[in-house]
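No value in this document is a laboratory result; all are computed from the given coordinates. Just so we're clear, the structure is a prediction, and the values are computed from it rather than from any experiment. FYI the Cβ positions are ideal-geometry reconstructions off the backbone, even for glycines, and counts take in every protein chain you see.
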Amino acid sequence: MTATATATATAAPTRRLTIAKAMSEAIGLSMDADPKVIVLGEDIGALGGVFGTTQGLLERFGAARVRDTPISETAFIGAAVGLAAAGMRPIVELMFVDFFGVCMDAIYNLAAKQSYFSGGHVCCPMVLMTSVGGGYGDAGQHSQCLYATFAHLPGLKVVMPSNAYDAKGLMLSAIADANPVVFMFHKALQGMGWLGTVPGSIVHVPSEMYTVPIGRAATVRPGRDITLVGLGLTVHLALQAATTLAAQGIEAEVIDLRSIAPLDREAIAASVAKTRRLIVVDDDYRSFGVSAEVIAGACEGDVDWLSAPARITHPDVPIPYSPALEHPLLPSAAKIVEASTRLCHDKVE
Amino acid sequence: MDVIIPVDLWGEDGDAVIATWLFQSGELVSPGAVLAEVMYEKASMEVTSPGAGRLTILVEAESPVRQGQLIGRIET
């Protein structure tokens, strides 16, 4: 609690931040604490990041530590891997995850393998932060998620917050990590206005340093009848669906993955052991994705399923530009309600 | 109490937009709490609470706003 809040007993003791502000705050605290922490990327200086991830940092830390780069992901993400090998702790922004093509060698052949190939003698303490997700008519090269593309590769940790508290704590964990962490943030949760913002992503954030551990999911709503697993935006869709389902007598448990790699298989197993029904909601492409991995992991356990697990995803086509085409393809609360009702058919009249 | 966009928030004479409200109507807010973020020409600015009380939002997020405009009320 802040001093102001304590003194004003009738007012809410809250200090609310958007995910964008929470990320900026975490980076600023780390830069204050450690001169080795620097930020690189396109428009991360004076603009403060296209998605607001570096707000106020140039003014506080100067252009030597907050470096606007030319539009060459090949160059500046490669440079970050080298900086990390030389003992710096770079945070580098890949503006849209869709742009990974020209810098993937640096990410998966250099950064991800650095520690393994050097016998642990050279680590790679870099954070790659990148925007994901569609829903606002920006077409197939600016709307993808590609969670599984990165999570598939050994040596990379991949995280994504659904709210500002987790954003700050996960970012502080990512910066402290000795190895590369891909920090994904969903555009629809960022709080930038022009993309719309899901209100549930804006939560109380303490001003001090704290961490949210990488590799641990959170149960954001307890329930006994069905497990809904989501990440980022789809957590909010699942929560919305859970409210509707509760009115029909179905109590959904909602799990926020928070970390994609490593995946918190224990949390999923514990939930499905109780509910024996599972739906994964994932706005990435359907096949070979996070949804498939969550379901496969759950099925490797000894679960006496009441219904076959299901997934709600974007289908295996590039994300369309036209809202009339794009919106029906994305996961929605209505789709989750429909699928949950189907899986819980024995509970519904 | 009125929640007003400060008359000198972005200096120039142009429209901004409420990027997001950090609280919803009906919630209790503290004095000085950041209530909303306003975007002007890709720059983000904050509107803080003039006092303690229950917030009523008068201008929704994503709406255009001018400096000096009334955007909410706080009832003590």
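Quick notes on this one:
- Long-range Cα-Cα pairs in region A:246-304 (distance over 13 Å), rounded percent: 62 percent
- Lysines whose Cα lies under 30 Å from that of A:Lys187, excluding same-chain neighbours fewer than 8 positions away: A:Lys21, A:Lys36, A:Lys113, A:Lys157, A:Lys168, A:Lys335, B:Lys42
- Order of A:Ile175, A:Ile38 under a 10 Å beta carbon neighbour criterion, fewest first: A:Ile38, A:Ile175
- Contact order, relative form, for chain A: 15 percent (alpha carbon pairs under 8 Å, 6 or more residues apart, mean separation divided by residue count).
- Each principal axis of region A:117-219 carries a Cα extent, and these read 46, 36, 23 Å when sorted largest first.
- A Gaussian network model of chain A, with springs between Cα atoms under 10 Å, assigns the largest mean-square fluctuation among A:Asp304, A:Asp283, A:Asp43 to A:Asp304.
- Under the combined filter of DSSP loop state and at most 15 neighbouring Cβ atoms within 10 Å, region A:250-319 retains these trypsin sites (Lys or Arg not before Pro): A:Arg286.
- Note that region A:241-349 shows a convex hull volume over its alpha carbon atoms of 113 Å³ per residue.
- Total formal charge among the other residues, if their Cβ is under 10 angstrom from that of A:Leu146, Lys/Arg +1 and Asp/Glu -1: -2
- DSSP-defined antiparallel bridges as percent of all bridges, region A:187-306, nearest 5: 25 percent
- Two-decimal Rg/Rh across chain B, once Rg and the Kirkwood Rh are taken from alpha-carbon atoms: 0.94
- Electrostatic bookkeeping for A:Pro70 treats Lys and Arg as +1 and Asp and Glu as -1; over the other residues with beta carbon under 15 Å from its beta carbon, the sum is -4.
- If you wrap the tightest convex hull around every Cα atom of region A:30-109 and split its volume per residue, you get 86 Å³.
- Rg and Dmax, both from the Cα atoms of the protein assembly as shown and both in Å, are 21.8, 66.
- Restriction of the chymotrypsin sites (Phe, Trp or Tyr not before Pro) in region A:170-213 to DSSP coil positions whose beta-carbon has at most 14 other beta-carbons within 10 angstrom yields A:Trp194, A:Tyr210.
- Among A:Asp34, A:Asp68, A:Asp177, the residue with the largest mean-square fluctuation in a Gaussian network model of chain A, with springs joining Cα atoms closer than 10 Å, is A:Asp34.
- Beta bridge orientation in region A:1-153: antiparallel %, DSSP, nearest 5: 0 percent
- Helix A:19-33 vs. chain A, principal-axis angle (Cα, 0 to 90°, nearest 10): 40 degrees
- DSSP bridge pairs, the protein assembly as shown: antiparallel proportion in percent, nearest 5: 45 percent
- Here the Gaussian network model covers chain A, with springs between Cα atoms less than 10 Å apart; of A:Val205, A:Val102, A:Val272, A:Val102 fluctuates the most.
- Shown here for region B:1-50: GluC sites (Glu not before Pro) in loop regions (DSSP other than H, G, I, E, B) with at most 14 other Cβ atoms within 10 Å, namely B:Glu12, B:Glu41.
- Per-residue ³J(HN,Hα) for region A:316-327, Karplus 6.51 cos²θ - 1.76 cosθ + 1.60, θ = phi - 60°, Hz, x for Gly and Pro: 7, 9, x, 5, x, 7, 4, x, 5, 8, 5, 4
- With K and R counted +1 and D and E -1, the other residues having a Cβ less than 14 Å from that of A:Gly193 yield a net charge of -3.
- Interchain or long-range residues, amide H under 5 Å from A:Thr54's placed H: A:Gly49
- Cα-based shape type of region A:195-234, given that a ≥ b ≥ c are square roots of the gyration tensor eigenvalues and the cut on a/c is 1.5: oblate
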